[in-house]
Structures are given as structure tokens and as C-alpha cells.
Amino acid sequence: MKIKNPVNSPSAALLVTLWLWITPALVAAQGLDPASLLKPLSDSWPTYSGDYSGRRYSSLTQINQSSVKNLTLAWTRRLTNGPNAGGQQGAPGVPPLIIGGEGPGDIVAAGATQVKGAVVQVNGVLYVTTPDNTWALDARDGHELWHYFWKTRGGTHIGNRGVGIWGTYLFFVTPDDYLVSLDARNGTERWHKEILSFNQQYFATMAPIVIRNHVLVGSSNDLDEPGFIQSFDPETGELQWKFYAVPMNPGDPGLETWKDLDAARHGGGQPWVPGSYDPETSLYIFGTGNPSPAYTSQTRGEGDNLFTCAIVAINVDTGKMAWYYQTSPHDTHDWDSAQTPVLVDGEFNGRPRKLVLTASRNGYYFTLDRLTGEHLVTGKFSDTANWASDLNAKGQPIRNPDKDFHIAGSLVSPANQGVTNWPPPAFSPEAGLFFVPSTDTYAMYYLTETDPRGAMGLGGKEELNVATVGSYLTAIDYKTGKIAWRHKYRTLGNDARAPGLLTTAGGLLFAGDVSGNLIAFDPANGKILWHSYVGQVTNAPETYMIDGRQYILTAAGDTLYAFTLY
Amino acid sequence: MHMRNVLLSIATCVLTVAAAAQNPQAPGGARAGGGFIAYPQRPVTDPAAVARGKVLFDVNCSFCHGADARGGDDGPNLLRSELVLDDQKGESIGPVLLNGRDRGMPKFTFTADQISDIASYIHSFPVSSRTGPANIDIVVGDAKAGEAFFNAKCASCHSVNGDLKGVASKYTDPKALQQTWILPGSGGRFGGAGPARTPPPMTAIVTLPSGEKVEGKIDRMDDFVVSLTLADGTHRSFQTEGNTPAVEIRDPLEGHKNLLRAYADADIHNVTAYLVTLK
């Protein structure tokens, strides 16, 4: 299904919805219509967060507080990276292997196969990725339909967050800087396009976000190159617009917060992680990463280094910024604010408001007005974070420069991984609570670059871990920023980072713990209702419904686990 | 950033660690995985061209851009420049050299061969977003103050004539000593190994409904199972639900962990300065 006309207003959106409603069979036969993403999340899981809101809240209720005790394993499926995993091509029952890519073919990021992103489910097919690999699986039993392998030329293979889908077109990015489009039905390649400079040491991890006729992709880079979002035409891959997270030209807004233009143009701010989308305002709302150089920040000047470590709203049709709020002015610890923001329509001070919620890697939680970016609430969701001395009048943490680093070491909480990281948070409208996996850690930060010019990228420091003192599932009241309840995981594990979250209208909150369990909690109070030991969960749980049966799906390393009721 | 503080501390480092070696550049993309280099350094195909380019660069470019091309007071860092990174053989660098730039970059009259040589030299520098560890002396604290802190906060469990006798001979690297005394077993870096020191194990006492108490070293625990090795080597594990059966966890490092909130960085530096004297 192709929608050529942008839907700019609620009335136009209504028309599209109406049109969809009268032609469901056509849509089912052909793939995913982008407008269907505007509906409440139920049977399918058609985009990174399920829907555009980032709440990871499903309206499905078959699995609920009463029935969850009977939740049991439906199937598992193990995946293996690389071109030699499938068996002999052409033999009966061996799914097709499609090979693409510009690399020599002998670079295989072997290591462990780790699913660390969303599994998109449309029309009974699951699409799952690792760096250089995309699989289509049958959602009923997980059997493989096809496997696409990308021959890489290199790049940072840290993770892939999943696919985007538009009609029958699939989109994913590669560590060596390509956007690849496949036919979702059979895995054949439509086209691939170089979207970032490999020579500048960019790489790509983000799950493309499809909004109407825009395919949005953020950049990744650990050197001092600027972060940006690009919007591509889903049909042709043609660039529609490009939004830079840092000032790139004289006179650009925010330039006064950098030492000079050269510093700004090398200032980072990578939008690594998918954002959320507000159809009423056409705003794509996302977080930006750390300023660069990350640690030896003297070459950035003393300013806030806009628009790094910020929540930013841009118009999805033009790429122009509507507002921003910086959650870490002049960050000095590589603590991205790129966590997926959560859009909530909720009561605030007695009146309904359009809100955006985010818990940042730096240990601070924020409630903002998503129409204007107005700051409403700041909370702290870490017991130990010690890098900020106070909050300023805008509710931003005030960094204590003594906690940047020291040649003899500075004891800083959190460690580099942050109090939270990319694993997505969730929101339950019934409970009125925001949920985030959080970890309290300490590390010693030693300055190792004594040249006054500092280092590039993530260099110039040695960070040695000290301790993990607590791993939690944390529920935050968005009205106050205070912790409503918190479950501390009992664990021996050190350096453990909890995976992402899912909530459902069945009164359930699903989370992986730090010891290998998938757990169902009561979102109202944190009571444990069900669990299964599957091995370390590496993505966020999801849910979908097919043939009248609701499934809970999660990944633990190289294996998918699907649970259901019988 | 309080620039003054940084500059002061940098000046101090430079003075006190005059012999500190330049940081080795880490290979590009420490997180490549699979054993390959994410962003390989460009191969040097013509060493003579690099050598010729160095002479030209030193004479004409280093005054503004630094002898290592990482920038100076008047010229930007060339190693992270998009134009330089995307340039292959001088095709992008050349026009800038010949035409100059409005932000203070003068025009030069190089030949095509000279431009190619300069490009070869600039491209011979490794470009990495990571740096390796440095050999900077981290002992900057006041040993007397460290001794006082030790006597106040540590001496209830530790003795410099007992368990810590000769500790500085055991840990000759002050950084390893410091990490180890802050928390034994700590010091792991992202993707690397820390100092070899096995921390004492956590133990648990499980009280069964019958009143029987089972004590052992914890092998694994989560919210649902506690798994122990008993003193005689046997393995026992217990399913738990909420607080039943009761599990009492004993963490021998609890005192160390509690102190993490209490330290000023100067306390840490002072204690290390004291401990390094315990040869």
C-alpha cells in the first residue's frame, strides 16, 4: 500500500483511517499501511515501539492478571549469524538465503548472535535482525521463511535495533553505512543506498521509523562527527531532508553554546535510538547522544553544547526543529539522552496535557509538554548518581566539574553504561506510571590525555568499573517525578544491565531481569505474577495476537522465545 | 566545563609527569566484534611520498595545525575533518590548499605532486575514537591524611601489620592497588580484564520452614532460586517466593560498598598515597 499524499491534519488522518476501514482485505494482502500505525496497538507489532507513542502498551487482554499464571512456552527459534547457517540451498525445507552487500564477503562478525532490537510483526510474519542479518519467521511457530545476509566492509557492529516496514517494503541499516530495502514477502533486495560516510567512521544501528512517506534513520559515530537524522523516500530511497543535531553553519541556533563553529561541527549528538511521533502535530520527538569529544571537553568551550543530550522535536515533513529541552547540558561522560521518549496524554496539575516522558542515561527523569517543550518535572531515579550538584531554574542537572575525571581517578556514579541505556521504557495508562530498567553503578574515571587539546571521540580517559550496587525495575509517577515503587532484583551479577519493557491492557508489565528471567509484574505495585528462566533477555518483550491467540515474544541472545496460553 | 580547573590540572599533570608517554592510539572501533578492525587504518602504499609530505607539512602546515595534525591555536584538528577523512589522494585537500579558506587559511602554490604527498602524510596518521591506557603516576595524594582516613574508616576490619602487610609489594601498579582497595575484584574495563584478585564470596543462610538453617557460598541467585555450595562441597538450591524461605545474604564487601557514597575523591587519593608506602 502506498500513500503518496502526506497526511498533515487530523481530518486527513481520519479520512485515511476511514479509507483503511473499508479496505482491510487489500491492506492485509499487500503489507503494512503506514496509516495503520496510528491505531491502538493490538494484533500486530508494526514498528520499533509497537506504535508511535513509545509507550510499549498493547491493548491485548487475553493474557491478563488472572490468566498469566498459565502462560507457557509456545515455541523457540535459534538464529545464527552469517552466510553458512541455513543448510543446502534448494533442498526441501531449507529457507532461501539472500546475500547482498558491498564487502569482500570474508568479514563475518561472528561472535555471538545477539538479538538486541525490536521484532516487527506484520501479517503473521516476524522480522528480526542482528548486525548484517535480517530474518523473516512465521509468527505461529517461528520457522524461518528467509534469511538475508549483508556482506560488510566493516564498521562498528554493536547492535541492530530492527526493521521498519512500509507496504511490502522492508528497511534496515547496516554497520557499514547502508540503508537496505527488501521485499518483505521474500527477502529479495529492492535497493541499497550509502547513507553515511564510512571514512568518517559512521555506523548505523537504528531501526528505521516509517511515518507516512518518510523513512527516518539516525546516524551513529564515536569519532567527533556530527549527528543527524535523514528522511528517505520509501519508494526510491531519495533523501527528503536532513536534520543536524549540532550547529553546522554560521548563524545556526545553538552555535553560541560551542567554542567555535569547528567545535560545533564535530560535536556529536548522535540520535542512535528510534524516537516517537505525535500525529496531531506531525512532530517526531527523539533524543540526542553525547557531545563529542565525550570526556576531554575543553575543546568544546564552556557552554551547554546544543543540541546534544537533549529531547528534540522536529517536523516530520520538513526536518525543522520545533523545540528542544536539554537533559544534560555539557555532558562529560558519554551519557546519551537518546532513550526513546514516551508520549502520554495525561492529567497534570488538574488539567489534561500532552506530555513527553524520558528517563535519561544520566540518572534523571523528566516530564515535558510535548507541544512546546516546556519543562514540567525533574526527578532523580538513582540512589547513587553523584555527578550533579543541583538542578537549575530550568530543571536541568548542574554538572559538578570535579566529577568529570582526575589523573588519579574520580569516583563517579553511574559508570559509563548509565543508570539506564537504550533498552526501552514503558508506560501503563491504567497505572499512570512510567517504567524504566535502572542500575546503580560506580566507576573510577582516570584522565589519560594530558595534552591541552584533549582527545578525539571517546578517548582521553580510562574508566575502570568499581561496583554495581543495585539493579531495579523502577516505576515513576510522571506528575511528580518521584519513584512510585521499585523492585530491586536479587542477583549476584555485576555490571548487569536490565533489558527493556512491555505493558498491556491485561494489567501486566513484562520485564527481563538481570539474571535470565522473563517476569510479569503488576504495574500498579510491582508484585511478581509469573516468571520463566530463559537466559539473559537481550531485547524488550513484545506481544501480538494471531489466530485468536496472544503471544508474548522476547529474545535471549540468539534465541527467540514465544509464550502463549493453551 | 570550568576551563580554568581543567587547564590547571592539566598543567599540574604536565609538570609532575613530565615523562608521560603519548597515549597509544587504540585500533579504530574497539567494539567491532568478530575480530576484525571496524575502521582499518589506511595502508601506506608509498613511504617515500609520506616522507616528502612530512617535510612539506612540517614547514607549511604544522604551525597552525600542529605537528601531529591534531590542531593548534589557529588551525583545526585535521584528523577529524570530514574533508580530510573523505579525501583519497588529495583531490579534496588540494583545492583548499590552492584556494585557501576565508577563516584564516592562506593560499599555497603547491604542485599536484606536492599536494598528493601532503595528503599521503596526513592520511598516514591513525584516526581513532579511542585511546589506550596511559602510564601517568596516579599517586598524588597526601599519605599522612590517608593514614588518618585509614585509621578512622578502615582499621576496624584491616590492619597494616596484618592482612595488608606488604600490600604495596603485592600490587606494584598503584592503579591496580587503588582499584583493589576500593573494591576487591573491581577494575574491569569495557571489554578488558581487571587486576587479578578474586573477591571473597557472598554467602547466604537459608532458614527452611522446619527451622533448619542451611549456610553456603552463593553460586547463583535471583528472585526465584538461591543456589548454594555448602562447606562440605555439596550443592543445594532453594525455590523462593517472596520472603519464603527466609534468605539472609552476607556480603563481605558490604562495608566497601557503603563507603562508596562517603568518599571524597581526595580521600581515595590520600589512602592510595598511604597504602603505596606499605612495601
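Figures for the structure shown
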quantity: Per DSSP, loop chymotrypsin sites (Phe, Trp or Tyr not before Pro) in region A:288-363 with at most 13 further Cβ within 10 Å; calculated: none
quantity: Inter-chain shielding of A:198-205 (mean C-beta neighbours from other protein chains, 10 Å cut-off); calculated: 5
quantity: Gyration tensor (alpha-carbon) shape descriptor, chain A, a/c threshold 1.5; calculated: rounded
quantity: Neighbour net charge for A:P352 - beta-carbon separation under 14 angstrom, K R +1, D E -1; calculated: +1
quantity: Label-point gap, in nm, between A:D390 and A:K320 - each point 7 angstrom along Cα→Cβ; calculated: 3.9 nm
quantity: Low-density loop cleavage sites - GluC sites (Glu not before Pro) in region A:219-302, where at most 11 other Cβ are within 10 Å (DSSP); calculated: A:E238
quantity: Radius, Kirkwood style, for region B:203-251 when every pair of distinct Cα atoms is counted (Å); calculated: 10.6 Å
quantity: Averaged over B:78-86, number of beta-carbon atoms from partner chains that fall within 10 Å; calculated: 5
quantity: Long-range tail of P(r) for region A:227-277 (Cα pairs > 17 Å, %); calculated: 47 percent
quantity: Sites A:N400 and A:D141, calculated FRET efficiency, Cβ-Cβ separation with R0 45 Å, nearest 0.05; calculated: 0.25
quantity: Low-density loop cleavage sites - GluC sites (Glu not before Pro) in region B:173-274, where at most 16 other Cβ are within 10 Å (DSSP); calculated: B:E212
quantity: Cut-off 14 Å between beta-carbons: net charge of the residues surrounding B:V44, Lys and Arg +1, Asp and Glu -1; calculated: +2
quantity: Local electrostatic count at A:L73 - Lys and Arg +1, Asp and Glu -1, tallied over other residues with Cβ under 15 Å; calculated: +4
quantity: Under the Debye formula (equal points on every Cα, no solvent term), log10 I(q)/I(0) of region A:353-408 at q = 0.14, 0.16, 0.21 Å⁻¹; calculated: -0.43, -0.54, -0.81
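Coordinate-derived values only; no laboratory data. Remember, it's a predicted structure, so these values are computed and weren't measured experimentally. Reconstructed Cβ throughout: ideal geometry from the backbone, glycine too, with neighbour counts over all protein chains shown.
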